[in-house]
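Novice: The structure's right below; bear with me while I get my questions together.
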Amino acid sequence: MQNSSEVRSCNVDKMNEEGCYTKSAGVVISLGWNTQLYQHLKVNIPEVHEIIVDVSKIIPAPDKCDRVDAVFPDEGVVTQVQDSEQFKEALKCCECVLKKFDIVLVMCKGGNHRAPTIADSMKSPGRFIIHATLRTRQSICPKDIEVLVHACVQSSSTENFYSQLTRDLMEKKYITRLCVGWQVGDLATGKWDTSNKFPEAGVEVEVQSVSDYWCTVKVKDSEYIFKLPITWLVPLCVYERRENW
C-alpha cells in the first residue's frame with residue numbers, strides 16, 4: 001500500500017502551454033441537435049461546431065411509411081441506417097474529425113437512430129463511446145457531458161470552465177462523483193498499463209488540491225494519491241455510461 005505522503009505523477013502523451021490533455025483512444029458522443037444537451041454545449045463551448053458531424057445532413061431520413069418504429073439498437077433501425085448509400089460517407093467524416101481532435105460528436109435530430117448507429121460502428125479497443133440523448137437510456141446532466149468535452153479539447157471557454165470547476169471542487173460545491181477517465185497504454189496495440197504506477201481508468205477519486213491544470217487526487221477508500229492533469233477527471237456517471245466493447 002502506498003503511503004499517503006507519496007505522490008505519483010502521471011506522464012501525459014499530449015501537453016501544451018494552456019493545459020494537459022491525455023491522448024485517448026478517442027471519444028465518440030452521439031446526441032441530437034433538437035435536445036437540451038446540444039443547446040447547452042453550443043452556448044458554453046463556442047467551438048463545439050468544429051467537433052460535430054451532423055449525420056442527418058449526410059444520411060436522409062427514410063420516408064415515414066418506410067421508417068422502423070423503434071430506436072437504436074433495434075436491428076431494423078441499425079440495418080436501415082447501415083444500408084443507406086451515404087452510410088460509409090458519414091462514417092468516414094466522423095472518423096476524420098475523431099482523428100483530428102480525439103473526440104467527435106455524432107449528431108442527428110434526436111440522437112435515437114442515425115447518430116447512435118454511426119457511433120456504434122466506430123467501436124474499437126479503448127475507445128470511449130456514449131449515447132448521450134438516446135431516449136431509452138437514463139438522461140445525463142448536460143454539465144457532466146460538458147466536463148467530458150472539455151477534458152478532450154481546448155476552447156475559448158476552457159480557462160473559465162476549469163477555474164470555476166476548481167473553485168467548486170475546493171469549496172465542495174461540485175457534488176458529482178469523479179473518476180479517472182483514461183488509461184495509460186499503447187493505443188496501437190490496445191494494451192493498457194495495469195500497474196499501480198498509474199491510476200486505473202474508472203477509479204473513483206476525491207480531489208485534494210488543484211494547481212493550474214494539475215490536481216492531486218486520493219483514490220476513494222484507499223491511501224493511494226496521484227498527481228495528474230485535471231483533464232483526466234470525468235464524472236463517474238458518464239464513465240459508467242460507456243458502451244461495452
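The values are calculated or read from the model by the stated rules, or taken from the named source; none is laboratory data. Predicted, not measured: the structure shown is a model, and the values here were computed from it. When we count neighbours, we look across all protein chains shown, and the Cβ atoms used for this are built from the backbone with ideal geometry, even at glycine.
Novice: Note down all Cβ pairs under 9 Å where the first residue falls in the range 39-64 and is in a helix (DSSP H, G or I) and surrounded by 19 or more Cβ atoms within 10 Å (Cβ to Cβ), the second is among the small types (Gly, Ala, Ser) and modelled with pLDDT under 95, and they're at least six residues apart or on different chains.
Specialist: If the second residue must be among the small types (Gly, Ala, Ser) and modelled with pLDDT under 95, the pairs left are 48/155.
Novice: Another question, then. So which residues in the range 86-132 are out of contact with any Pro (no Cβ under 9 Å at 6 or more places or on another chain) and polar (S, T, N, Q)?
Specialist: Result: 112, 121, 124.
Novice: With respect to residue 123, is the statement that it is surrounded by fewer than 18 Cβ atoms within 10 Å (Cβ to Cβ), in contact with a strand residue (DSSP E or B) (Cβ under 7 Å, 6 or more places away or on another chain), closer than 27 Å to residue 144 by Cβ and at pLDDT 95 or above true?
Specialist: So residue 123 does not fit the description; no.
Novice: Related question: If I ask for residues that are at pLDDT below 85 and hydroxyl-bearing (Ser, Thr, Tyr), which ones from the range 174-230 would you list?
Specialist: The answer is 189, 194, 195.
Novice: Please pick out the residue among 117, 79 that is without any contact (Cβ under 8 Å) to a residue 12 or more places away in the chain, over 13 Å from the mean Cα position of the chain (by Cα) and either surrounded by fewer than 18 Cβ atoms within 10 Å (Cβ to Cβ) or under 24 Å from residue 24 (Cα atoms) (or both).
Specialist: From the options 117, 79, the qualifying one is 79.
Novice: Among the numbered criteria (1) of a type in the set (D, E, K, R); (2) surrounded by 13 or more Cβ atoms within 10 Å (Cβ to Cβ); (3) modelled with pLDDT of 95 or more, which one does residue 85 miss?
Specialist: (2)
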